[in-house]
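Student: Here it is: the structure, laid out below.
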Amino acid sequence: MTAPSISGPRLMARLRRMGEIGALEGGGVCRLALSDADREGRDQFVAWLEALGLTVQIDVIGNIWGLRPGLEEGPPVMIGSHIDTVATGGLYDGTLGVMAGLELVEALNMAQIQTRHPIAVAAFTNEEGARFAPDMMGSGVHQGALDLAEMRATRATDGSAVLGDELDRIGYAGPVPAASMTPRAYLELHVEQGPVLEAEGVAIGAVTGVQGISWTEFTITGQSNHAGTTPMSMRRDAGVVAAEIAIAARRVAGDAGPPQVATVGVLELTPGLVNVVPAEARLTVDLRHTEEAQLAASEARLMAAAEAAAEAEGCALTARRLARFGPVTFDPALVDRIAAAARARDLTVRRMPSGAGHDAQMFAPNCPAAMVFVPSAGGLSHNVHEHTDEADLVAGAQVLLDVVLDLAGAVA
Ligand code: GLV
Ligand code: MN
Ligand code: MN
């Protein structure tokens, strides 16, 4: 049996090709979930799966996976991630994990290696949640944590479309039912999207879990009026309340201390004119923490501050939950296997939690799941300049291959 080996040129060629789909001028990509660019990326992924001889499956929420049979029937060892991006995304977030899955299968095919258990390579719908909240939507439906009908009814964050219509429009509402399969194990290679591995000069992260995520959309309603004539004491300024909520979010994070983080990523004022007191404001707050109790405490503090700010300004406040996922712990034995596989290849490795959300977290309650991280240059992600050196990408893919072979059982 020839030892299967990851090919850097093949991996990079697929990453670059996917990076052309939805390419932004000046670098980076925009493949928002269920957009035309996402459809083009999906078509390319399906073509690659078919070229590798895999059986393509598409489920009701548009998740796509290819199956490589094993000598025995039964659930596959699944490798997955996503090919949708934020509107100002890089080439690697999500796409790396999917391209590494394809490369891994090609390496096995080239070395003519059969496995005892089947292997699946998957791309999950709308991991980012940038166009339709919540994030991890496809993997959530796949693992029965999110309801299909509710997800199909989701309106886009800019109000422009409904998810189910978009899924139908791009032709990716497939026949496989939701929650139809629990893999034997689930593995995901991903860029770290943070600064730790690079700063410490470590090649591989063996990811121990994912912090909890809470997304809330606040809508504040006041009264629009003339900016020149309305005395300050007589205003019901929705914009001021939004600003106070944004400052409160920062304060909540500061008071709680690390690893509490808080981000206001969307802030819109209506009518949005220079000489009009805003009648309405809409903003989103993303809160994350590794401990459930602390995350809940921060949510409560923020809500109290938002209510107080609205009341003081005589405005109405509504809060809508866009996403809520508790912290997740990955399978310790699988994390150990990843660390051992890295060491066996003389790669430096550290255990670490993930700050970002990932499809792997939706599998963790149902089957052994874990992740492999590789360094992100400058810690940048959700940024068109996201970068990881080829040698690091290949090292991560090789560790993934070694662990998959171990789990799927190579047969000479
Ligand atoms: C999803 O990618 C997130 O962490 O926001
Ligand atoms: Mn990702
Ligand atoms: Mn992302």
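None of the figures in this text is laboratory data; all of them are computed from the coordinates on show. Because the structure is predicted, anything quoted here is derived from the model rather than measured. Glycine also receives a Cβ, built like all others from the backbone with ideal geometry; neighbour counts cover every protein chain displayed.
Student: Which of ASP255, ASP43, ASP237 ends up with the largest GNM mean-square fluctuation for the chain, with Cα atoms connected below 10 Å?
Tutor: Of the options given, ASP255 has the highest mean-square fluctuation.
Student: Cα gyration tensor of segment 1-105, axes a ≥ b ≥ c as square roots of the eigenvalues: rounded (a/c below 1.5), prolate (a/b > b/c) or oblate?
Tutor: Oblate.
Student: I would also like to ask the following. Please compute the contact order of the chain in relative form: average sequence separation of alpha-carbon pairs under 8 Å and at least six residues apart, divided by the residue count, as a percent.
Tutor: Answer for the chain is 23 percent.
Student: Please build a GNM for the chain, connecting alpha carbons under 10 Å apart, and tell me which residue among LEU49, LEU400, LEU24 fluctuates the most.
Tutor: LEU24
Student: If you don't mind, another one. Once you sort the root eigenvalues of the Cα gyration tensor of segment 59-205 as a ≥ b ≥ c, which label holds: rounded (a/c under 1.5), prolate (a/b larger than b/c) or oblate (the other case)?
Tutor: Oblate shape, in that a/c is at least 1.5 and b/c is the bigger or equal ratio.
Student: Residues with beta-carbon under 10 Å from that of GLU268, excluding GLU268: net charge, scoring Lys, Arg +1 and Asp, Glu -1?
Tutor: -1
Student: Would you compute the Debye intensity of segment 369-412 from its alpha-carbon atoms alone, equal scatterers and no solvent, and pass along log10 I(q)/I(0) at q = 0.17, 0.24, 0.33 Å⁻¹ to two decimals?
Tutor: -0.58, -0.86, -1.12
Student: Which angle between 0 and 90 degrees, to the nearest 10, do you get for helix 95-110 versus the longest principal axis of the chain when only C-alpha atoms count?
Tutor: The two axes meet at around 10 degrees.
Student: If we count every other residue with Cβ under 12 angstrom of ALA256's Cβ, Lys/Arg +1 and Asp/Glu -1, where does the sum land?
Tutor: Net charge around ALA256: +1.
Student: Let a ≥ b ≥ c be the square roots of the eigenvalues of the Cα gyration tensor of segment 152-231; is it rounded (a/c under 1.5), or, if not, prolate (a/b larger than b/c) or oblate?
Tutor: oblate
Student: In a GNM of the chain with a 10 Å cut-off on Cα contacts, which of LEU287, LEU104, LEU267 has the highest mean-square fluctuation?
Tutor: LEU267
Student: Now a separate question. In degrees, nearest 10, range 0 to 90: what is the angle between the Cα axis of helix 390-408 and the longest Cα principal axis of the chain?
Tutor: Its long axis makes an angle of about 70 degrees.
Student: Round to the nearest 10 and give me the degree value, 0 to 90, for the angle of helix 238-256's Cα axis relative to the longest principal axis of the chain.
Tutor: Relative to the chain, helix 238-256 is tipped by roughly 50 degrees.
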